[in-house]
Amino acid sequence: MSIVAADNVWILTSTAFVLLMSMPALALFYGGLTKTKSMLNTMMMVVVAFCITSFLWLAYGYSLSFGDDLGGVIGSLKYLFLNGISPKDAAPAAENLYHYLFIFFQMTFAAITVALMAGAFVERMKFGAWMLISALWATFVYFPVAHWIWGGGFLSDMGTLDFAGGLVVHETSGISALVGAIMLGRRKEALMQPSSLPLVAIGTGLLWFGWFGFNGGSALGMNAQAVSAAFVTTIAAFIGGFVWMGLEWIKYKKPTSLGLFTGIIAGLATITPASGFVDVFGAMVIGVLAALICFWAVVSLKNRFKYDDSLDVFGVHGVGGITGAILLALFAKPDVADVKGLFYGGGLSQMWPQLAGIAIVGIYSVVLTVVIFKITDKIIGLRVEKDEEVEGLDEAIHGEKAYTREF
Amino acid sequence: MSIVAADNVWILTSTAFVLLMSMPALALFYGGLTKTKSMLNTMMMVVVAFCITSFLWLAYGYSLSFGDDLGGVIGSLKYLFLNGISPKDAAPAAENLYHYLFIFFQMTFAAITVALMAGAFVERMKFGAWMLISALWATFVYFPVAHWIWGGGFLSDMGTLDFAGGLVVHETSGISALVGAIMLGRRKEALMQPSSLPLVAIGTGLLWFGWFGFNGGSALGMNAQAVSAAFVTTIAAFIGGFVWMGLEWIKYKKPTSLGLFTGIIAGLATITPASGFVDVFGAMVIGVLAALICFWAVVSLKNRFKYDDSLDVFGVHGVGGITGAILLALFAKPDVADVKGLFYGGGLSQMWPQLAGIAIVGIYSVVLTVVIFKITDKIIGLRVEKDEEVEGLDEAIHGEKAYTREF
Amino acid sequence: MSIVAADNVWILTSTAFVLLMSMPALALFYGGLTKTKSMLNTMMMVVVAFCITSFLWLAYGYSLSFGDDLGGVIGSLKYLFLNGISPKDAAPAAENLYHYLFIFFQMTFAAITVALMAGAFVERMKFGAWMLISALWATFVYFPVAHWIWGGGFLSDMGTLDFAGGLVVHETSGISALVGAIMLGRRKEALMQPSSLPLVAIGTGLLWFGWFGFNGGSALGMNAQAVSAAFVTTIAAFIGGFVWMGLEWIKYKKPTSLGLFTGIIAGLATITPASGFVDVFGAMVIGVLAALICFWAVVSLKNRFKYDDSLDVFGVHGVGGITGAILLALFAKPDVADVKGLFYGGGLSQMWPQLAGIAIVGIYSVVLTVVIFKITDKIIGLRVEKDEEVEGLDEAIHGEKAYTREF
Amino acid sequence: MKKIEAVIKPFKLEDVKEALLKYGITGMTITEVKGYGRQQGHTEFYRGAEYVVEFLPKIKIEVVVRAEDVDGVIKAIAQAARTGKIGDGKIFVSNIEKVVRIRTGETDEEAI
Amino acid sequence: MKKIEAVIKPFKLEDVKEALLKYGITGMTITEVKGYGRQQGHTEFYRGAEYVVEFLPKIKIEVVVRAEDVDGVIKAIAQAARTGKIGDGKIFVSNIEKVVRIRTGETDEEAI
Amino acid sequence: MKKIEAVIKPFKLEDVKEALLKYGITGMTITEVKGYGRQQGHTEFYRGAEYVVEFLPKIKIEVVVRAEDVDGVIKAIAQAARTGKIGDGKIFVSNIEKVVRIRTGETDEEAI
Ligand SMILES: Nc1ncnc2c1ncn2[C@@H]1O[C@H](COP(=O)(O)OP(=O)(O)O)[C@@H](O)[C@H]1O
Ligand SMILES: Nc1ncnc2c1ncn2[C@@H]1O[C@H](COP(=O)(O)OP(=O)(O)O)[C@@H](O)[C@H]1O
Ligand SMILES: Nc1ncnc2c1ncn2[C@@H]1O[C@H](COP(=O)(O)OP(=O)(O)O)[C@@H](O)[C@H]1O
């Protein structure tokens, strides 16, 4: 197979879309959910994680993730600083694409995964601590896990499937967010007081748009799977949003915009691992279950255990990603990509590798995050001073405020 | 003809663009024009219409619109829940595209059409009423009319042309918006007090961007018509904006940003039906006329008759769409797509089917909207309580507010 | 070579991206940096410049820039009002593309270049003056310079390279911004008081996204250079942002979001002329130097000379564009596009045409801007009344305000 | 001269303004404030977590009037602002010793 | 009756409210204000240019109380609002001649 | 001690502050308010529909001063705030019975 122009157009467009998801989409989504006095800090956490992770990706991340497999565990260092790669080369992992493009596309995935975590730590974390955590976590969690599943590592050998990042992206960041939030402790004012729901709306809309590239681009070319993945992604999104809003309406008598938007994101995150394998019907069911299960996680689970996963990274992304990776084993339809789920005659054959993958990635994320947070606490300390927290991090850390009105 | 990769890339990209037009673009555009106390409600009207219409599209809308023609009036039910369609199939209506993609692309049109209407009903409609209206209107107005013109129904047989939705999208929603606004009655505070013009700017910009897919994508592939349609669309947009601003400058001594943005949207809506048929020169004239005629509709007509088409859905979209569908019969240039308008030697041959189409779609929209509103009024009631209206719908219906500032 | 569908998809997508950079991205970026009381005026300056320049582009600008070369200095008038161009024609300058598409893509470059300048004149310029300046400057500066470098004029003969507009876009607008700011004089309240940093964040994110089309699209098709240009552009962006933030951290103990965003833009502007010629390593160095040099220009140079380049158009775009055009001569790698910079065995062969080009374009921009401002001052006057300036231009000129809150 | 400060529900501002104009008052100054009182705050739900807003938006109207107008003005305001539901607000009266109109330099009753 | 106006640091609002509730005060009105005083403003940097914010955000709390409560309330507020650092704010007391509760028409001490 | 409240045009704040500093006043509290008065509101046009903004943005400055400073301060403010055009605003003076500086507990004139 050789370079296919149309495939490269689609993946370069997809890369732009996924970049947009970090900046500005996620930055705005998280910033809008944060209290006004710390919203710039939240946005900067997202952007700075993008910068750091992208740099490490070029330095050694791509090589660790997609270099020659060493014992199923990690990639070789052959691509350090993209050594020896010429712009005209085809990608070893997708020979229809330029190598640069494959690296670039995957870079935006690495970057947003780290940035996602930030949502659990807002309004109280030292900025330097977050930078160190970003670097360590990308290196020791994301790069290896990406290798295991996407880079030819042992999980892909086991048959674990993850189309666009239910495990690699959402489970890793969601579980680590939970662990980190517990270690970091609750905010002094541990409630959600969204500075700006219109910003959350912009963020949601741009994330949805970007997900065309995230899931649709994960087909690594323009083909039936790319189209199908983009289509089912949108279906899960609008159903997730609608059902979540309905749950609120029933439970609280008030359907909220935040609920609608949260459900959309839950639908998107949940369909992600399954998006290349399920059809329209599967997507509808996944959309409904995404809303039900994530709603439960965000509303009941979190309130029961009192952890301060501030912007619900675990409840939406972690739980959603895991749920989707399991549902894949039920709803995968051979029509789409030759994978048979339980309901299409595949029995539980796909379930075991999925559960094993989820468990291994989950445990690994927990352990590594504990270690990374301990180290960071030792070197830099995790939390800002109490006064700074109450004053707001924008003033305290950055000497700025989000809005200025002259008289 | 078989699946063409480049065409699918363009249409999948266009689909993402058109989705973006609903959420977040239209949501922000309308939200920014609404009073602060009800802006979330407005945004939710847009998003919830998107959810409902998209779901119905999958359930039976696509089938009614594009299923096998039954007597010129409606499509058959053969595609209920996309029954029997595999991701690898080509679309019957466009064999260069995947069937899924064609359905997906058209879905975003159905959804935004319903959402557009919301602008006439903001700040006073019951949320449940809007949901019911969305469902009924999509079913009884949009799906049939889309069939008549785009799905092989009697208007296409008559020769009525509508490249990207002057009748199907803008006339139906604009006229129904007017009828609905009259039946719903004026707001207690029937004036436009835009909560945030910067949000309107974002909305305008993203709508413009999305219109590349709306009009450019309506060529259903990458070809000279797609490029030309996108190009003339932008031309009408910037000319429309500039002329509208100029009219304000002359009339009120103040050129406003809202006028500039409104003119851009008027240009975009007006060129829509003609965008696949006219050249650069036609686009310029259409841009100027879009501004003149819609300005007159919004400023004079509305003030004369005192209906409360709150965000000018009729004045901009309805009037624009109709105007464009007529101008098509004057400016269509055979060079572009083998259609000859009056000024290119075609005489009035294209004018009659255009006028007939406009009249039929208009009358049908009026009648159906009256019925739908009556039914909704019976079942749910149309308006919120006076107190809720004054308090603001965000608090009253959703228990939220757009912005929170801690002290 | 004949029309290539995939190339047209990429360039039409790129055109949409570059349009997005003007509206809404640049409008928001600049609007968010402006004081609240004048932010609509700033946004309108951007949009109105877009309208005027685009119109002139169709009228005669394309012809002057890309018409048949007359003595190396200007294009012929053969394409007045796109006379004689049919939608199906291929572009003479890029036969893989539709002629309309080439014109359209280049139009968005002309428009944003003029709009960029506005940042230096905000909060004090008469609206009519700005409109006249836009028209004159597009005509007498942009169109000729675009011809010299991109349209087959004498600078391209001399070998000056400018991949996507370091000279044509950033140097011209940046230098003219400086000259204009000096002639216009300082604002009464000559300090930056950003009305909304979240808007700046949106603007930055969308600009970054749009730059995929700006630099990636400048390859005029989908090929290795397009991918490489987009990739190195993002690399320079995130490195520029990170380094700028680091400089602030060191110097002021406060890393700001505005610094992070400014550095991103500096990286983007600086890599622009070089983006089709350098590899990943070159991009990293350019990113670092972009931040260092533009930081120095914005912080030290500006404070030393006390000109009121209000939003740092010169400091970021002018200095960045020039820097990138020079660095190209050092880091161009033959691997990418057969151009050899100093560090890849090319000696200084590329340096001379770069320096000559920079000097000629710079001097020409200075002289013409002085003349244009003098003329405008005579005809219309440059500045608003002092009272209007203090009251804010939104109220004074446009009779609007950005935000309205009912009680 | 007296200053009458009334804290009212925001959506009653229009009515109160009309009542004051009818009474003949042509100057007033209003401020957005937040009130805490017997009226319980309301509850907002963000992702299912209750968040009680204790400080409710109110409007404070300040009018400086001649002493003899105090009772009439109080009555006008109270009537216009009353809904009968808790949280209608309060009126406070205090003494003003001197008034100056900046534009003209007029003082006291002339300046009101 | 007396009006006690206290200008405090914003992040102390919660503490002061608690202190007032404990004292038995159940009504108050608060306003976002900006204060200028000995506390020097702080400096913001925008692209390296210093920008001194001279007017700092403060909260003004207004409570109308019976005369005999004045000292107690002052003490409660002062204790709760004190950080010991410059800019803690001030308390001003003035006389209120009349109070009306809009909802019921009750007046004076009954209306507080 | 007296409280001087001045309602002025927003763009005059800077001048008034300078005038007060020159007079020796170093503390003040300012509030964004809306004013209704003889100055007719201005008209905004949204899509050609007139919308009269009746409540115009104003700034309220509050300064508590020693009684003997009242006249001087009034003069300083009035001079600095005057444009001669309608809507320049008003100054109101009232009595303050007690002042406490929260940080130190100082009272009255010491606390101003
Ligand atoms: N003692 C007080 N001092 C200052 N403001 C008060 C006082 N009591 C009440 N208020 C103001 O009046 C508003 C209404 O009071 P509230 O007790 O809620 O209801 P009601 O006026 O019906 O008794 C409060 O929100 C507060 O702004
Ligand atoms: N004379 C005054 N009149 C009105 N408000 C004042 C006066 N002096 C101080 N304030 C208010 O009190 C706040 C705190 O005063 P400041 O002098 O900064 O510190 P401190 O209270 O520690 O002496 C100021 O920000 C201002 O709002
Ligand atoms: N009786 C009053 N009570 C309280 N505030 C007043 C009163 N009269 C005027 N004001 C305030 O003073 C401002 C200016 O008054 P206005 O009548 O418009 O002009 P002028 O001060 O030139 O007479 C008003 O906007 C309002 O805020």
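Just so you know, all these numbers are worked out from the coordinates, no wet-lab data involved. What you see is a predicted model; the values in this text were computed from it and never measured. So basically every Cβ, Gly included, is an ideal-geometry build from the backbone, and we count neighbours across all protein chains shown.
Here are a few things to note about the model shown:
- Relative contact order, whole percent, for chain C stands at 23, derived from Cα pairs under 8 Å and 6 or more residues apart.
- For region A:252-323, the Kirkwood hydrodynamic radius comes to 12.4 Å, computed from all pairs of different C-alpha atoms.
- With the highest mean first, a sort of the peptides B:97-105, A:361-369, A:292-300 on other beta-carbon atoms found within 10 angstrom per residue produces B:97-105, A:292-300, A:361-369.
- Overall form of region A:1-69 per C-alpha gyration tensor (a/c, 1.5; a/b vs b/c): oblate
- Average other protein chain Cβ within 10 Å of Cβ, residues B:276-286: 2
- The charge dipole of region C:247-386, taken about its Cα centre with unit charges on the Cβ atoms of Lys, Arg (+1), Asp and Glu (-1) only, comes to about 520 debye.
- Once divided by 2.2 N^0.38 Å, the Cα radius of gyration of region A:10-139 becomes 1.14.
- Local charge for C:SER257 was computed over the other residues whose Cβ lies under 9 Å away, with Lys and Arg +1 and Asp and Glu -1, and equals -2.
- Cross-link pairs D:LYS2/F:LYS60; A:LYS306/C:LYS254; A:LYS386/E:LYS75; C:LYS37/E:LYS9 - those with Cα-Cα distance over 29 Å: A:LYS306/C:LYS254
- Rounded Å value of the spacing that divides the Cα centres of region C:222-245 and region C:84-128: 23 Å
- Most to least packed among C:315-321, B:204-210 [average Cβ atoms within 10 Å]: C:315-321, B:204-210
- The coefficient of translational diffusion for region A:303-375, derived via Stokes-Einstein from the alpha carbon Kirkwood radius under 10 °C and 1.306 mPa s, stands at 112 µm²/s.
- Shown here are the Rg and Dmax of the Cα trace of region C:128-269, at 17.7, 50 Å.
- Residue order, fewest to most beta carbons within 10 Å, for B:LEU167, A:LEU393: A:LEU393, B:LEU167
- Over region B:90-144: Kirkwood hydrodynamic radius from C-alpha pairwise inverse distances, Å: 12.7 Å
- Spatially, region C:305-339 and region A:170-205 are offset by 39 Å when compared through their Cα centroids.
- Counting every C-alpha pair in chain D, the share spaced more than 25 angstrom apart comes to 31%.
- Amide proton proximity set for E:LYS98, modelled H, under 5 Å, gap of 5+: D:VAL93
- Residue mean of other protein chain beta carbons inside 10 Å, A:203-209: 6
- Considering helices alone, the calculated mean residue ellipticity of chain A at 222 nm is -18500 deg cm²/dmol, with DSSP H runs of length four and up weighted by -39500 (n - 2.57) and normalised per residue.
- Here the residues B:LEU26, B:LEU355, A:LEU247, C:LEU161, ranked from fewest to most Cβ neighbours within 10 Å of their Cβ, fall in the order B:LEU355, A:LEU247, C:LEU161, B:LEU26.
- Taking C:ASP7, F:ASP88, A:ASP157 and counting other C-beta atoms within 10 Å, the order from fewest to most: A:ASP157, F:ASP88, C:ASP7
- Ratio of Rg to Rh for region C:5-398: 0.95 [Cα atoms; Kirkwood radius as inverse mean 1/r over pairs].
- Region B:271-358: trypsin sites (Lys or Arg not before Pro) in DSSP loop, at most 15 other beta carbons within 10 Å: B:LYS306
- For region A:230-385, the Stokes-Einstein estimate of translational diffusion at 4 °C and a viscosity of 1.567 mPa s comes to 78 µm²/s, using the Kirkwood hydrodynamic radius over alpha-carbon pairs.
- Distant alpha-carbon pairs in region A:180-253 (separation over 17 angstrom), percent: 65 percent
- Note on the protein assembly as shown: along the principal axes its Cα atoms extend 91, 76, 72 Å, ordered by decreasing extent.
- Exposed loop sites were defined as trypsin sites (Lys or Arg not before Pro) in DSSP loop states (anything but H, G, I, E or B) carrying at most 11 other C-beta atoms within 10 Å; in chain F the longest segment without such a site runs F:39-84.
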